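Below is one structure; the comments refer to it alone.
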Amino acid sequence: MPARRLFFGIALPEPIQQEIIRWRAGAFEADAGRPLPAASLHLTLAFLGDVSDEKALALSKQAGRIRQSPFVLNIDDAGHWPRPGIVWLGPRQAPRGLVQLADILRSQAARSGCAQSPYPFHPHISLLRNANRPVAMPSRHFHWQFTVERFALYHSLFEKGRMRYQSIESWPLTS
């Protein structure tokens, strides 16, 4: 089987996905960028790139051995990265548990030969793509909160001109 484009991430609870979609519709101009569908809203912990089945299995086994307590994630910040054309949501202050989980997964990925970004981890949820011109950002009067109790390995699939993310396997956060 050919290599698959994989990443570790956190899914947003469906009610929060729907709330964010409704909020986004009123917070941004229609031409601000291409909106991601609710089902695609996630927070990437570690991007793995194109991975063979053998390497994916090894990374899954390592992920299954992680022991970490659940943590509360507050989504209360937004920004725009013009060069990649991304409008995002994320936490103003990343919880320690989130940073630790990302660090562990990124370290495991790097030791397994998956190139990792040299930039520090910046937790975010992509809202709009192709936002290559200045975007008027909404006031920071928004806040979503949920307890992160699982993380997952995802497969990025490009179908019918769109990216779709399929969960392959997930693990509970337990201490």
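The values are calculated or read from the model by the stated rules, or taken from the named source; none is laboratory data. For clarity, every value in this text was computed on a predicted model and none was experimentally measured. As a convention, Cβ positions derive from the backbone with ideal geometry for all residues, glycine included, and neighbour counts pool all protein chains shown. Protein only, heavy atoms only, side chains kept; ligands, DNA and RNA dropped before computing areas. Shrake-Rupley method; radii C 1.70, N 1.55, O 1.52, S 1.80 Å.
Within the range 93-175, list the GluC sites (Glu not before Pro) lying in a DSSP loop whose Cβ has at most 16 other Cβ atoms in a 10 Å radius.
Values: sites: Glu149, Glu159, Glu169; in loops: Glu149.
Loop-located and lightly packed - Glu149.
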For this session: Taking every Cα atom in the chain, find the radius of gyration and the maximum pairwise distance Dmax, and write them in Å.
Result: 16.1, 47
Problem set entry | Choice from Ala152, Ala109, Ala131 with maximal GNM fluctuation in the chain (Cα, 10 Å cutoff) | Ala131
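Using helices alone, I'd like the mean residue ellipticity at 222 nm for the chain: each DSSP H run of four-plus residues gives -39500 (n - 2.57), total over residue count, nearest 500.
On the way: 3 runs with 42 residues, N = 175.
Theoretical 222 nm ellipticity from helices: -7500 deg cm²/dmol.
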Exercise. Can you pull out the chymotrypsin sites (Phe, Trp or Tyr not before Pro) in the range 54-133 that DSSP calls coil and that have at most 13 other Cβ atoms within 10 Å?
Worked result: none
For this session: Sort the following peptides by mean Cβ neighbour count (other Cβ atoms within 10 Å, averaged over residues), highest first: 136-146, 5-15.
Result: 5-15, 136-146
Exercise. Taking the alpha-carbon centroid of each part, what is the distance from the range 73-111 to the range 20-42 in angstrom?
Worked result: 19 Å
Exercise. Label Ala58 and Asp103 with points 7 Å out from Cα along Cα→Cβ: what is the distance between them in nm?
Worked result: 2.4 nm
Problem set entry | Cα long-axis angle, helix 14-27 against the chain (0 to 90 degrees, to the nearest 10) | 30 degrees
Seminar exercise, completed: Share (percent) of C-alpha pair distances in the range 87-165 greater than 17 Å works out to 64 percent
Problem set entry | Residue-wise HN-Hα coupling along the range 69-75, computed from phi with Karplus coefficients 6.51, -1.76, 1.60 (Hz; x: Gly, Pro) | 6, x, 9, 8, 10, 9, 9
For this session: For helix 96-111, report the angle its Cα long axis makes with the longest principal axis of the Cα atoms of the chain; keep it between 0 and 90° and round to the nearest 10°.
Result: 50 degrees
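Considering only protein heavy atoms and a probe of 1.4 Å, how much of the accessible area of the range 4-172 is carbon and sulfur, as a whole percent? Mind dumping the intermediate values first?
Details: 4610 of 9050 Å².
Looking at the range 4-172 in its full context, I get 51 percent from C and S.
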Problem set entry | Interchain or long-range residues, amide H under 5 Å from Leu48's placed H | Leu6, Phe7, Phe8
